[in-house]
Structures are given as structure tokens and as C-alpha cells.
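Colleague: This is the structure I have questions about; it appears just below.
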Amino acid sequence: MDNRKLQELFNEMSIEEKIGQLFQVTGAVYEEEAVISGPIKELGINERDIYLAGSVLGTMGAKKTKQIQKKYMEKHPHHIPLLFMLDIINGYKTVYQIPLGQGAAFEPELARKCASMAAREAAADGLHVTFSPMADLVRDARWGRVMEATGEDVYLNSVYARAMVEGYQGEDLSDKETLAACVKHFAGYGAAEAGRDYNTVELSERTLRDFYLPAYESGIQAGAELVMTSFNTIDGIPATINKKLMREVLRKEMGFDGVLISDFGAIGETITHGVSEDRADAARRALEAGVDIDMMSGVYPQTLYQLLKEKKIELEMIEECAWRVLKMKNKLGLFENPYKGADEDLAEKQILCQEHKELAETMATKSFVLLENKNNILPLSKGDKVLFAGPYVNRQEMLGAWSFTGDISDTITIQQAAEKKMKNYEVCFCQGCPILPKEMKLDGFVNYKEEEFGEKEIEKMLTEAESKAKQADVVVLALGEHFLQSGEATSRAMIEIPENQMKLLERIEKINPNIVVVLFNGRPLDIRKIKQRAKAILEVWIPGTMGGNAIVDMLVGNNTPSGKLPMSFPYCVGQIPIHYDELNTGRVHVQGRDKDRYVSKYLDVQNKPLYTFGYGLTYTNFRISEPVLSKNSMRTGERIIASVKVKNCGERSGVETLQLYIHDVAASVARPKKQLKGFQKIELQPQEEQEISFVISEEILRFTREDGVFSSEEGEFEVFIGNSSEEERRAKFVLKSE
Ligand code: BGC
């Protein structure tokens, strides 16, 4: 519809209709014989409201969404279509690696392809909007939602946020195979104090601007249609009603002109925060902050009309929000085709098609990080007797906490894959132990029940594993977190694998020390004890539908590991928050000089994480030369080329990820020890050597200076190029003023 027509339609709409665009309901209210009850009733939404509501949360299926759309539009005074929204986080029916694992692939292009695959499947099933990407920077592994992020680094997060938005939205939003993307959670949600979900966020404005905001901004610059507010307070004010954050930073500075949606119930929660006085006050504040859609708190439908009558809000404020929602519906092409991509036949064809499964498998493969490989125990040697033990050996729940759209019966387990792919080995399998200790129930998760075992059965499982381990050359232990131990509202103060699984590891180690641990988890864990006991550790995160295939191909060497950690694995919880791009203190601890007293260190543990950002082994060895710069000084507008020679010194081909880090030696504010500024992946055959170059320009040296201006400062810079953030060899250059 052209803009003039849209404007005409808008002018014809009643105030109630305009308010309707600003809230959403669940699809259940439109089903035959639906009565308004349960949570929707509690929100104060009545029969009339539901045919004015602008959007629906959590309904899917081509047939169902089409029926709802038809019925709704018939009853809506101006026949304006509904928007169908859902969290499609790591795939729709073809579920791929969780975002943290995607970050480990260091391949934003692949994330783009995955996002566009998810959009294809979901759009065919009647959806219009996904609440993804989550661009929250994360430094605290206690926070369960790190699984939905791409890690601790501002640059990595920014390139991924952009790629995902572009992947979902494609070139044209009205295209049948696209979804509108929603960058969330604005802002700083990942910095919840003590890693406890929804908790207060305390960030200096500089840290917020230089580390936390850029990834959101990058998703916005990529054209994200929506932004979601975060649950937390920031500077004492709930983000959802934080005018400075939304009006000044998001709208003015970042130029975001799309739809701002609250998080689930967040407008109402501003009362519990102790800032809004009541629901009407909460609505007024959210509207003043420019929140266009109230996600499921019912505050807007319940109070806006009255507020307007009482002249506590201006009509223009409502119109501004409703207009944005309408504009988005128009961009999605809903006025021309209210069903957009919804198509049962197409859904049938697209969903879980071969191409999608292959992509999910590629993403899983590229995301795996080889943390240890003593005596090159991996890849497994042909002919070996391999025991696969552990709760993940034949477990289909490897889709992650957001994958309610996926079906675990489509998942390939390790056992299924090994039986097919390991004909040249002698393989056997056993569970070894349950996934969780007997007494641990994941309460609070509806509709989920883990199989229960008695003491005797558990002991039997352990002894079976022990006796099989005796016969084996290698034991692959598939261990890890339960998939419901990470995700929303799953903060953990102790981040180890469940203790009953540790017991399995300890007992097997006594019998057979040739242990390879395949680790499933949604967050960095404290794996000190696993490191001591296992010869190899392959980090597979929560790999998705094709996880089993990808894992087995990696273990036998059909593929080679190339993932790098997107988030540091702490040595222990006491180090958290820990991230590689920390600032120097005035009293730096020098590694190895533990007797130095008045320096920044712990008395009981090392400063270093167990595994740092950017780290990950391969099945071969790469030698990287010292970095060389094309010149030692530059002025604004000029460029320096930084290069290294990389040689594969091993006997297998392999992929290495070269990472460029820069340190600003002296600036008006302290700068990180080093910061990622670029990366490149190369594949080299045995003995092959290649030169890899990065371009350094003044733009990548900018930061929020003492005077608040975002700019670079002249002076000395150090350049590191290595295969992890631990690289210490450096070259130097000077940035000169004009
Ligand atoms: C989460 C959001 C999500 C929303 C809708 C909230 O609880 O914080 O990330 O998009 O629910 O499902």
C-alpha cells in the first residue's frame, strides 16, 4: 500500500483501533468457542479488545494462523491484519546450534544463512516477526541467557547481530520467505548483577556505550524492524520506561525508527521495581519513553483510553506508536497479502528439508571447540574399540531451551550417528548415569519430566559403563548440562556439570584413562576437574537437530575442529565476571611472580581463565609469525596493513582463525588490554603457508574519550595477530593528528 493510502487508512481509524495496535494477545483467544479466561483475563483484556489487538504472541502453523487472520480481519473495523510473533532463536523446525555456539564458529556468514533458513520455515508456517537476535554482551557465565548471546566481545557480537538481522529480513520484507527481526534486550540486560536473571544493571555510561550498545546498534543499522526493551533497571530506571535510553539514545542517537516492543509483562513490572505507582502510571511512562507495543502486560489496553480522557497523555503519543506498527505491517506486505508466506504445502516442503538439515549440520560442525587433545587422542584411530557412555549418548534433547518449535524426534543422537558412520570401529554404548542427580528436579519448567531412576538402577548403569570401559581402547563420555539448566531464568551460582555425571567420569577414569569428553552446555562451565581427567574435551554447546552426525564426524576426523571460544571459561566461579578485554590495573600481576604481594591477583587461584576468549585447538599445528606492519605511523584517512605468515606444520589439513587485536597504549581513559578488531579463517593443507593481512584504519581505534566524544586519540598502539586472545607478540604504530 502506498504511503498516502496508509495515511488515509490511519486517519479513518478510531482511537480504540489505534490503541489496539499497541498491544498483543495469545492466539488461543481466537480459537473456536474461546472464552476469555486465564492470563488474558487477568490482563484485563475483554472480548472487544481481542478484535482490536494488533499482534499475537506464540501461535504458529500455516493453517491456524490463516484461520485466525481471516476471522480477525472480518471482525476488525478496518480489516487491518494481525502480526504473528514468536521467539525463533536457533531455528524453527530445523533447529541449529544455539547462538553462543554460533559465535564460536566465528562465521557470521553462516549465521546469516541459518537465520534466513529459520525465516523460510517460520514464514511458511505463518509467522511474521521473530524476537531475535539477542545482542546482549555477556561476561557472566552464571547468567543462563548467555546461551542466547554470541559472547563477550563487542566486535564479534556486532558482526553477528548484523548478519542475523540481514538473514531474517532478506532484501525485501514483503518477500514471502522473510521475517522481521527484533534486536533485544535494550539495553545492558547481559550485565545483570551477580548473574541473576532480571537483576539490576550498574554500568558506567562509558562502558555501556563502548561495550554494550554497539551490537544493538549494529543490528539496528542492518535494518532491524523492531527493538525489545530489557527487564532490568539501568541507572536505577527500568529500561522499559527509561526515557533517556529510549528517546535519546535509541531513537535520536541511533536513529531507530522501527517498532519498540516491551519485554513480556515488563511495563507492568515497573510497578514492582518501585518506580511506577500503578498500571496507569506505568502505561504513561512507557508511552512517554516511546514503547510502541506492550507485550503481554495488559497495561496499554486497560489504561490508555482513560489516560487520554483524563488528558494525562497526548493523542499524538498514541498515534506515533500506532503509526509505526502500521508502517511495519505495510512493509511486511500484509495489506496486500495478510497471510504473507503462510502456506501448508510450502511448509511441508521447506521444513526439515535436506538443504536445511545440511546447513544445521555445517553450523554444528563449525561451532565445536576442541579444548584439549592430549597425545592427539582425537581423531579416533580406525579399528579402535570405542565405548560411548554418558547421558548424552542417546539423548535427543539437544535443541536448547527455546526450541519448543522443534521436535526432538527429528534429532539425530550420537549413538544413531555412530552406528551408521563408524563401521571401521568396534563401538558400544551405554548411558552410564542419568542426566541429573536423583534429588535434582528442574522445578518451574512446565510440561517437562525427566525419566526417574532408583539407586539400584543408577548403580547398575555405572557398573555397566565400568565393565564396558575395561574392554575399550577409548571411552567417549558425552556429558553436560541439562538443556533446561541454561536459558531464561536459569542462573546458576555453581557452574559445573551435575555431580552424578562427575562421578561417572571419576569411576571410568580409574579403569580407562583414555577419555574423550564431549561437552554439552549453554554457558561456559567450571571444568577444571574434567580437564584433569580427560585426554580430550570437545565443546559442542547445544548443537541442534543434526548434532549427533556432526559430533561423530568430528570424532572420527571426517571434519576438523575450527571453533574458537566466544566467551572465556573461568577457572572458577570466583573469577566472574571475567573477560579478555579487561582494563589494566595500576598494579598488574605478572604471570609466574606469585610472591608479589600488592598486585591485582587472588591468593588462591590464578588470574587467567581456564580457557580464554578466541581459544580453540585443531587437529593440526599452525605456526604464526610475528606481526609485520606496512608502516609505523599513520594519519586519519590512511591505512596500515598488518600481516602474518601462517603455516600448517602438521600432517592434516586444518582451519585456523586469525584474530587481530589492538591495544591503545595511553589514552584519556584506560583502554582494554587488547580488543578484537577483525578475524579471518583460512584452511591450509599440510606444510602449506599463506600470508594473512588485516587493514587498520583510524575508525577502528575510536572510543568514548574523556570528553564524551566518540573518537580516536593520537599516540601509540600495539597490534597482535594470533589464534587466541592470549597472543602476546606485538608490533607497534603511532597514530598522528592531521
Ligand atoms: C524474554 C524475551 C522473549 C519474550 C517473548 C521474555 O520472557 O525475555 O527474550 O522474546 O519473553 O517470548
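The values are calculated or read from the model by the stated rules, or taken from the named source; none is laboratory data. Note that the coordinates shown come from a computational prediction; the quantities given were computed from them, not determined experimentally. Cβ coordinates were reconstructed from backbone atoms using ideal geometry, including for glycine residues, and neighbour counts include every protein chain displayed. Heavy atoms of the whole protein, side chains included, go into the accessibility calculation; ligands, DNA and RNA do not. Shrake-Rupley method; radii C 1.70, N 1.55, O 1.52, S 1.80 Å.
Colleague: Give me the percent relative contact order of the chain, please, defined on Cα pairs under 8 angstrom at least 6 residues apart.
Modeller: Value for the chain: 13 percent.
Colleague: A follow-up question, please. Between segment 375-415 and segment 180-227, what is the C-alpha centre distance in whole Å?
Modeller: Going from one Cα centre to the other spans 34 Å.
Colleague: What whole-number value in Å² describes the accessible area per residue of segment 387-490 for a 1.4 Å probe?
Modeller: Working: 4980 Å² over 104 residues.
Here the residues of segment 387-490 average 48 Å² of exposed surface.
Colleague: Step through the residues of segment 382-399 one at a time and calculate ³J(HN,Hα) from phi using the Karplus curve (6.51 cos²θ - 1.76 cosθ + 1.60, θ = phi - 60°), rounding each to whole Hz and writing x for Gly and Pro.
Modeller: For segment 382-399, the Karplus curve yields 4, x, 5, 8, 10, 9, 9, 10, x, x, 8, 5, 10, 9, 8, 6, 10, 10 Hz.
Colleague: Please state the equivalent ellipsoid semi-axes for the chain: what are the square roots of 5 times the Cα gyration tensor eigenvalues, largest first, in whole Å? Kindly include the intermediate steps, with their values, before the conclusion.
Modeller: Values: eigenvalues 370, 220, 115 Å².
Semi-axis lengths for the chain are 43, 33, 24 Å.
Colleague: Could you give the nm distance between label points at C353 and T636, where each point is 7 Å from its Cα heading toward the beta carbon?
Modeller: 5.0 nm
Colleague: Working from the alpha-carbon coordinates of segment 587-718, get Rg over Rh, Rh being the Kirkwood radius. Walk me through the intermediate numbers first.
Modeller: Details: Rg = 18.3 Å, Rh = 17.6 Å.
Value, to two decimals: 1.04.
Colleague: Just to confirm my numbers, what's the Cα centroid distance between segment 444-501 and segment 15-32 in Å?
Modeller: 44 Å
Colleague: Hey, could you pull the Cα Rg and Dmax for segment 388-438, both in Å?
Modeller: Both quantities, over Cα of segment 388-438: 12.7, 37 Å.
Colleague: Could the peptides 209-218, 709-718 be put in order, highest first, of the mean number of other beta-carbon atoms found within 10 Å of their residues? Working shown, then result.
Modeller: Details: 209-218: 23.5, 709-718: 15.8.
The densest-packed peptide leads the list: 209-218, 709-718.
Colleague: Starting at the first residue of segment 272-282, write each ³J(HN,Hα) from the Karplus equation 6.51 cos²θ - 1.76 cosθ + 1.60 with θ = phi - 60°, in whole Hz, x for Gly and Pro.
Modeller: 5, 4, x, 10, 7, 7, 7, 5, 5, 5, 5
Colleague: In terms of the ratio Rg/(2.2 N^0.38 Å) built on C-alpha atoms, what value belongs to segment 664-710? Mind showing how you got there, number by number?
Modeller: Working: Rg = 16.2 Å, N = 47, 2.2 N^0.38 = 9.5 Å.
Rounded to two decimals, the normalised Rg is 1.70.
Colleague: Could you pull the accessible area for E457 with a 1.4 Å probe, rounded to 10 Å²?
Modeller: Probe radius 1.4 Å; accessible area of E457 about 100 Å².
Colleague: Counting only protein chains, not ligands or nucleic acids, how are E539, E626, E488 ordered by accessible area (probe 1.4 Å), most first?
Modeller: Details: E539 0, E626 105, E488 60 Å².
Descending accessible area places them as E626, E488, E539.
Colleague: Given axes a ≥ b ≥ c from the Cα gyration tensor, I'd like to know whether segment 540-654 is rounded (a/c under 1.5), prolate (a/b larger than b/c) or oblate.
Modeller: Details: a/c = 2.09, a/b = 1.18, b/c = 1.78.
Oblate is the answer for segment 540-654, as a/c is 1.5 or above yet b/c matches or exceeds a/b.
Colleague: Charges at C-beta only: +1 for Lys and Arg, -1 for Asp and Glu. How large is the resulting dipole of segment 388-481 about its Cα centre, in Debye rounded to 20? Spell out each step's value before the answer.
Modeller: Details: 11 positive and 17 negative charges, 67 e Å.
For this selection, approximately 320 debye.
Colleague: For segment 607-617, take each phi angle, set θ = phi - 60°, evaluate the Karplus expression 6.51 cos²θ - 1.76 cosθ + 1.60, and give the result in whole Hz per residue in order, putting x for glycine and proline.
Modeller: Computed from phi, the couplings for segment 607-617 are 6, 5, x, 5, 9, 9, 3, x, 7, x, 8 Hz.
Colleague: Along each of the three principal axes of the Cα atoms of segment 328-474, give the extent in whole Å, ordering the values from largest to smallest.
Modeller: 67, 39, 29
Colleague: Between Q687 and E459, what is 0.36 nm times their sequence separation minus the Cα-Cα distance? Round to one decimal in nm. All intermediate terms of the calculation are to be shown ahead of the outcome.
Modeller: Numbers: separation 228, 0.36 × 228 = 82.08 nm, distance 4.97 nm.
Extra length available between Q687 and E459 comes to 77.1 nm.
Colleague: Accessible surface of H78 in the full protein assembly, 1.4 angstrom probe, to the nearest 10 Å²?
Modeller: H78 has an accessible surface of roughly 50 Å² with all protein chains in place.
Colleague: In nm, to one decimal, how far is the S668 label point from the D407 one, both placed 7 Å along Cα→Cβ?
Modeller: 6.0 nm
Colleague: Subtracting the Cα-Cα distance from 0.36 nm times the residue separation, let me have the gained length for L603 to S711 in nm, one decimal. Spell out each step's value before the answer.
Modeller: On the way: separation 108, 0.36 × 108 = 38.88 nm, distance 3.88 nm.
Value of the extension gain: 35.0 nm.
Colleague: Can I ask one more? Expressed as a fraction of 2.2 N^0.38 Å, the rule-of-thumb size for a compact globular protein of N residues, what is the C-alpha radius of gyration of segment 269-385?
Modeller: Numbers: Rg = 26.1 Å, N = 117, 2.2 N^0.38 = 13.4 Å.
So segment 269-385 has a normalised radius of gyration of 1.94.
Colleague: When only the heavy atoms of the protein chains count and the probe is 1.4 Å, how do I267, I412 rank by accessible area, highest first? Could you put the intermediate results ahead of the total?
Modeller: Values: I267 0, I412 40 Å².
Correct descending sequence by accessible area is I412, I267.
Colleague: Rg(Cα) of segment 197-299 divided by 2.2 N^0.38 Å?
Modeller: Details: Rg = 13.0 Å, N = 103, 2.2 N^0.38 = 12.8 Å.
After normalising by residue count via 2.2 N^0.38 Å, the value is 1.01.
Colleague: Could you give the spread of the C-alpha atoms of segment 61-161 along their three principal axes, from largest to smallest, in whole angstroms?
Modeller: Principal-axis extents of the Cα atoms in segment 61-161, largest first: 49, 22, 21 Å.
Colleague: Continuing with this model, one more query. Against the longest principal axis of the chain, how steep is helix 108-124, in degrees 0 to 90 to the nearest 10, with axes from Cα atoms?
Modeller: In the chain, helix 108-124 runs at an angle near 40 degrees to the longest axis.
Colleague: Also: Measure off, as a whole percent, the carbon and sulfur share of the 1.4 Å-probe accessible area of the chain, all protein chains present. Walk me through the numbers on the way to the answer.
Modeller: Working: 13450 of 29020 Å².
Of the solvent-accessible surface of the chain, carbon and sulfur hold 46 percent.
Colleague: Using only Cα atoms and rounding to the nearest 10 degrees, what angle (0 to 90) does helix 354-367 make with the longest principal axis of the chain?
Modeller: Helix 354-367 sits at roughly 60 degrees to that axis.
Colleague: Another question, then. Post the alpha-carbon centroid distance, segment 706-722 to segment 283-310, in whole angstrom.
Modeller: 44 Å
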